[in-house]
Amino acid sequence: MRVLCTNGVKAVTVELIPNIEKTTGLPVEVDYGSTNLLMDKIAGGATGDLAVLSAEAIDSLIDKGVIQKGSRVDLAKSSIGVAVRRGAAEPAIGTVEALKATLLAAKSVMYSKTGISGVYMPQMLAKLGIAEQIARKSVNPSSGTVGEALARGEAEIALQQISELLPISGIKVIGLLPDAVQLVTVFSAGTFASAADPGAAGRLVGELTTNAARSLYTAKGLEPAF
């Protein structure tokens, strides 16, 4: 079985899928990436048995006939968090004004340039009225993820989906964006219309929505949506 899976729930699926393979005897190949990247791949002809993307992306693919109508299953909700290197001072981010002051005071700021949070960050910074100031000190990871680059000291502060930050050693998530500027993303699964074995895709979704899975989503900074 081939799965196209967003990085937003990777921390969960990398732990669940090996156990699923053992219990079901079903080999699972996963292609990870940002939702936007995977949508580009699908637009270019990539396919599989199951897609795990943002709910909006799944709905869009259903409208296009790429994902089976009625197959969407919501898995988890994710919020954007703020992190610093472990051991660094923890700046205030509890209010919009505190977050704004912290970002302006930081020597360097890192966030994804792709994916859901990457698309949202320029919008949020513009809403705060600091887009130009932050753009001048925004840095990209030399390699790997935002969290991994932060751990290497490539930025003073980073903003990213909390589920993508928590697994990284060497950094500390200091909190979530304030509600007024927060973006909550729902991640959902959907079966490809071209799936070789839709029944197997359905069984995989069932394994991703068990009580045990619910506990793992919570442990990884996600809110179960089922």
Report, ordered by chain and residue number, the aspartates and glutamates lying within cross-link reach of LYS220, taken as a straight Cα distance under 15 Å and ignoring same-chain residues fewer than 8 apart. GLU15, GLU164
Sequence-separation-based contact order of the stretch 61-138, relative, with Cα cut under 8 Å and 6+ spacing, percent: 21 percent
Stretched out fully, how many nm does the piece from LEU26 to LYS127 gain, at 0.36 nm a residue minus the Cα gap? 31.7 nm
Which listed residue (THR102, ALA193, GLY8) has the Cα farthest towards the positive end of the charge dipole for the chain, taking +1 on Lys and Arg C-beta and -1 on Asp and Glu C-beta about the Cα centre? THR102
If the elastic network links every pair of Cα atoms under 10 Å, which of GLU148, GLU21, GLU90 fluctuates the most in the Gaussian network model of the chain? GLU21
For the stretch 1-67 and the stretch 130-162, distance of Cα centres in Å: 26 Å
Percent RCO, i.e. relative contact order, over the chain, from Cα pairs under 8 Å lying at least 6 residues apart: 33 percent
Within the stretch 1-137, how many lysine pairs that are 8 or more places apart, or on different chains, have C-alpha atoms less than 20 Å apart? 13
Quick check of the Kirkwood formula: for the chain, what is the inverse mean of 1/r over all pairs of different Cα atoms, in Å? 18.2 Å
Ranked by GNM mean-square fluctuation in the chain (Cα springs under 10 Å), the top entry among ALA189, ALA151, ALA98 is ALA98
Label-point gap, in nm, between VAL184 and ALA88 - each point 7 angstrom along Cα→Cβ: 2.8 nm
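Considering only DSSP beta bridges where both residues belong to the chain, give the percentage that are antiparallel (nearest 5).
65 percent
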Skipping prolines and chain starts, which residues have an amide H placed within reach, meaning under 5 Å, of the one on LEU208, given they are 5 or more residues away or on another chain? none
Can you give me the distance in nm between label points at SER169 and SER60, each placed 7 Å from the Cα along the Cα-to-Cβ direction? 3.7 nm
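Since every read-out is calculated from the coordinates, none of them should be taken as a lab result. If you're wondering where the values come from, they're calculated on a predicted model, not measured in any experiment. Note that each Cβ is placed from the backbone with ideal geometry, even for glycine, and that neighbours are counted across all protein chains shown.
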